[in-house]
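Everything below concerns the one structure shown next.
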């Protein structure tokens, strides 16, 4: 099959492309700077220049020179990392534009450039669309929240749903993604390796999470199973408290995790962005469970052990590793 992917050079995208190439698929990547990747020279990979916030995606990425369709599946992973820096007005605009304007321009390109529909359109959203700090279990029909993240997710999904030129559309509401070489653990690992990790506040807030390999596996399953459509919560069936997570992570890296972090410190350092860490959401993957979807890493300790089995490769230098 022929794939067109946005956000392919990011954390999740790297894992996804590896799986697609292992299955002998052809991958086209939309990126602002294709020259940056010219030296990679991967077989079955092409790069196309695109500024997602200013123009629709280029026609050359979708069709052959004779105008015939040259893409079967489009996967939309793009979006400014919401935890990159404090949510200033400028940063909020960047987060919004990278998702909504980018998705609008991608969908318009699909609707405009192709004379026949693609087989599948997958677009990303997040569990941030749901109400935070409620004791209720949040399935796909759960209570929607209020505020910046919820508004971004709602408009993001609306942009994706405006597609007309796709036989099937899947929107994944993704939780906190765990994996090595990136994601939520990258910044935490050095702290935990030095024994400075611990729960945040009382540690009771619930985290809805997913292993990056499970997220990619959802995408791969969707390629051959037409039941994977509409909106699905891309989270482990076993959400955990912050205390449970820190205990599992500390155990996986062989360090204690008992230094609590006061919530006010996070608010002081990160401002509004601290809500990502402090808020509690019990999100369940009901749609996936109903499909009989099997998770590779449903248990947080199993997930942390797998991610950290080669922790010296993603953590501190050997001098610190052996301290």
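The values are calculated or read from the model by the stated rules, or taken from the named source; none is laboratory data. This is a predicted model, so every value here is computed, not measured. All Cβ positions, even for glycine, are placed from backbone atoms using ideal geometry, and neighbour counts span all protein chains on display.
Just to check your reading of the model, which residue among 128, 142, 183 is assigned to a helix (DSSP H, G or I) and either within 21 Å of residue 287 (Cα to Cα) or under 16 Å from the mean Cα position of the chain (by Cα) (or both)?
On the way: 142 fails: assigned to a helix (DSSP H, G or I); 183 fails: assigned to a helix (DSSP H, G or I).
Among 128, 142, 183, only 128 is assigned to a helix (DSSP H, G or I) and either within 21 Å of residue 287 (Cα to Cα) or under 16 Å from the mean Cα position of the chain (by Cα) (or both).
State which residue is surrounded by the most Cβ atoms within 10 Å (Cβ to Cβ) when the search covers only the stretch 58-80 and only residues that are under 24 Å from residue 182 (Cβ atoms) and in contact (Cβ under 8 Å) with a residue 40 or more places away in the chain. Walk me through it before giving the result.
Applying the first criterion (under 24 Å from residue 182 (Cβ atoms)) to the stretch 58-80 yields 73-80.
Subsequent filtering for residues that are in contact (Cβ under 8 Å) with a residue 40 or more places away in the chain retains 73-79.
Values: 73: 21, 74: 30, 75: 27, 76: 26, 77: 21, 78: 24, 79: 24.
Filtering the stretch 58-80 for residues that are under 24 Å from residue 182 (Cβ atoms) and in contact (Cβ under 8 Å) with a residue 40 or more places away in the chain, the one surrounded by the most Cβ atoms within 10 Å (Cβ to Cβ) comes out as 74.
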Tell me, yes or no, whether the stretch 292-313 has at least one residue that is modelled with pLDDT of 95 or more, surrounded by fewer than 15 Cβ atoms within 10 Å (Cβ to Cβ), more than 21 Å from the chain's Cα centre (by Cα) and closer than 21 Å to residue 215 by Cα. yes
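Sort out which residues of the stretch 47-57 are out of contact with any helix residue (DSSP H, G or I) (no Cβ under 6 Å at 6 or more places or on another chain) and surrounded by 16 or more Cβ atoms within 10 Å (Cβ to Cβ), and write them in order of number. Lay out the reasoning, then the answer.
Filtering the stretch 47-57 down to residues out of contact with any helix residue (DSSP H, G or I) (no Cβ under 6 Å at 6 or more places or on another chain) leaves 50-51, 54-55.
Passing the criteria: only 50.
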So residue 35, is it farther than 30 Å from residue 276 by Cα and free of Cβ contacts under 8 Å to residues at least 12 places away in the same chain: yes
Those residues of the stretch 58-98 which are out of contact with any helix residue (DSSP H, G or I) (no Cβ under 7 Å at 6 or more places or on another chain), part of a loop (DSSP other than H, G, I, E, B) and under 27 Å from residue 15 (Cβ atoms), in sequence order: 58, 70, 71, 72, 81, 84
For the condition surrounded by fewer than 18 Cβ atoms within 10 Å (Cβ to Cβ) and touching a strand residue (DSSP E or B) at 6+ places or on another chain (Cβ under 7 Å), what is the one hit in 263, 256? 263
Quick test for you: out of 151, 217, pick the one residue that is part of a helix (DSSP H, G or I), closer than 24 Å to residue 245 by Cβ and either touching a residue at least 12 places away in the same chain (Cβ under 8 Å) or touching a helix residue (DSSP H, G or I) at 6+ places or on another chain (Cβ under 9 Å) (or both). 217
For the stretch 2-25, enumerate the residues that are on the phi > 0 side of the Ramachandran plot and in contact (Cβ under 8 Å) with a residue 40 or more places away in the chain. 7
Identify, please: which residue in the stretch 164-178 is within 10 Å of the chain's Cα centre (by Cα) and under 15 Å from residue 123 (Cβ atoms) and is, among those, surrounded by the fewest Cβ atoms within 10 Å (Cβ to Cβ)? 174
Quickly run through the stretch 135-174 and pick out the residues that are over 29 Å from residue 109 (Cα atoms) and in contact with a strand residue (DSSP E or B) (Cβ under 8 Å, 6 or more places away or on another chain). 135, 136, 137, 138, 139, 142, 143, 144, 145
